[in-house]
1. On the full set of protein chains, 1.4 Å probe, figure out the accessible area of SER116 and give it in Å² to the nearest 10.
2. Accessible area of THR173, 1.4 Å probe, to the nearest 10 Å²?
3. Would you mind telling me the share, in percent, of accessible area of the range 204-334 contributed by carbon and sulfur at probe 1.4 angstrom?
4. Using only the heavy atoms of the protein chains and a 1.4 Å probe, how would MET118, MET82, MET48 rank by accessible area, largest first?
5. Can you send over the solvent-accessible area of LEU54, 1.4 Å probe, protein chains only, in Å² to the nearest 10?
6. What residues have an amide H closer than 5 Å to that of SER40, excluding those fewer than 5 places away on the same chain, when H is modeled at 1.01 Å from N in the peptide plane?
7. Looking at the range 262-327, which chymotrypsin sites (Phe, Trp or Tyr not before Pro) are DSSP coil and have at most 15 other C-beta atoms within 10 Å of their C-beta?
8. How much accessible area per residue does the range 245-365 have, counting only protein heavy atoms and a probe of 1.4 Å, in square angstrom?
Amino acid sequence: MKSLIVIFLVLIASAVGTLMFMEEPGYVLFAYGDMSLETSLAFYIAAMVVVLLLAYGIIRFLVGLFGLPGTMSARRQQKKAMVCQRGLALGMAEMTEGRWNKAEKLLVQSARRGDSPMLNYLSAARAAQMQGATDRRDDYLRQAAQAETGSDVAVGLTQAELQLDHGEYPQATSALRHLNDIAPNHPQLLRLRARLYQETGDSASLLAVLPDLRKARAQDNETLDRMETEAFASRAQELAEAGELAKLEGLWVNLPKTSRNRHELVEPYARALIRLNEHDRAEAVLRTAIKGRWNEKLVYLYGLLSVNDANRAIGVAEGWLRDHRRDPVLLLTLGRLCKLAKAWGKARGYLESSVAARPNAEAYRELGELLEQLGEEKLAQDAYRKGLQVAVDGGVREPAIPSAPKAEEEQAQSLPAQSGRKGKVRTRGKLTQPRLSGA
């Protein structure tokens, strides 16, 4: 298109010039001493154009002649680069098909013929490792580092990744520590560090690197949340087993606020507090989390607490019944808390309601223990049997434990009076919800 425009402009200029010269041809006079030369203006212009074109051609020729060595060198470099690229493509194709030996040969041969063989040597190192040849792998990595300046990061990342794949954790740790000195915020470096800590079980270091991973957006949020949950649960368990309450609290406080609101982290923290016999602290954490968002796992943990003020915990849990009246986990939790408070009648009512809502082996076991404690051996054995049946078969035919009203009345008379709380009672053979104090 540009050529056509140029030709069109030349034709217009030629036509205009021809018309001008036809009306007034003009002349050009050259004089030097006694010599003079006169010619038409049109001939002079045509001659000058020819001379300029010849001069341009001569200059181009001379430039090309003197630049010939550089041109030949550039062509050789280009040819070598094409050989490297073609060898790399063929080698990667062989690696994709699992022919590691052939891939390694192609990659090494093409690398030796090219001037930029770093990628070829790095790929050859992968192929060598797939064959278990770690010596050749390390040799290719060294050649890749020597092939190009400024390749330390790329070679180091590949080396660390291959060492992790091969389970060489001390060597990978050393390589990543060196990389951290020269490229501390590199996303791939952060990913490899997280992988190293996961595979070696270093949950403390993994938790420390997670903020950098989030800042660099090196992983998606779902993956980071999963890693955080696993690392925190593992670290919290370690600290609980070691009896390190202060470190456990420091670990929890140092978490981002958004993480402390996640139930996946509240649960292992509460379990660790329970293991350390810090039941009242666990109660406050669980109560706050459940208030924010309902979670049956946390409600279940709430029932495992041995708090000092069991009646207060019962009142809190009974408040949840307004929105979760038939929740079997909540009913089981209330049964356990009532047992802790020695509110036997209410405990029995809640446990029977729990197994009625959804048969559960734990609820049957708790009910059996309670009935056994109350001296109702036959009903206790029936509860144990049904709990075993649920554990083995996943269900029972009868959802509830039958009991005689007279037995309950006699039992209620023999038990100490509870402070304003009445137990669950049976009416015409059916279970009814216990009356809740303050509910």
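The values are calculated or read from the model by the stated rules, or taken from the named source; none is laboratory data. These numbers were taken from a predicted model, which means no experiment stands behind them. Heads up, the Cβs are rebuilt from the backbone with ideal geometry, glycines too, and the neighbour counts pull from every protein chain shown. Accessible surface is based on the protein model in full, side chains and every heavy atom, while ligands, DNA and RNA are left aside. Shrake-Rupley method; radii C 1.70, N 1.55, O 1.52, S 1.80 Å.
1. Rounded to the nearest 10, that gives 70 Å².
2. 50 Å²
3. On the way: 2920 of 6590 Å².
C and S atoms contribute 44 percent here.
4. Values: MET118 25, MET82 120, MET48 75 Å².
Per-residue accessible area, sorted high to low, gives MET82, MET48, MET118.
5. 110 Å²
6. The list, which skips near neighbours in sequence, is VAL28.
7. Values: sites: TYR269, TRP294, TYR300, TYR302, TRP320; in loops: TRP294.
Counting only loop positions with at most 15 other Cβ atoms within 10 Å, the chymotrypsin sites (Phe, Trp or Tyr not before Pro) in the range 262-327 are TRP294.
8. Working: 5240 Å² over 121 residues.
Value for the range 245-365: 43 Å² per residue.
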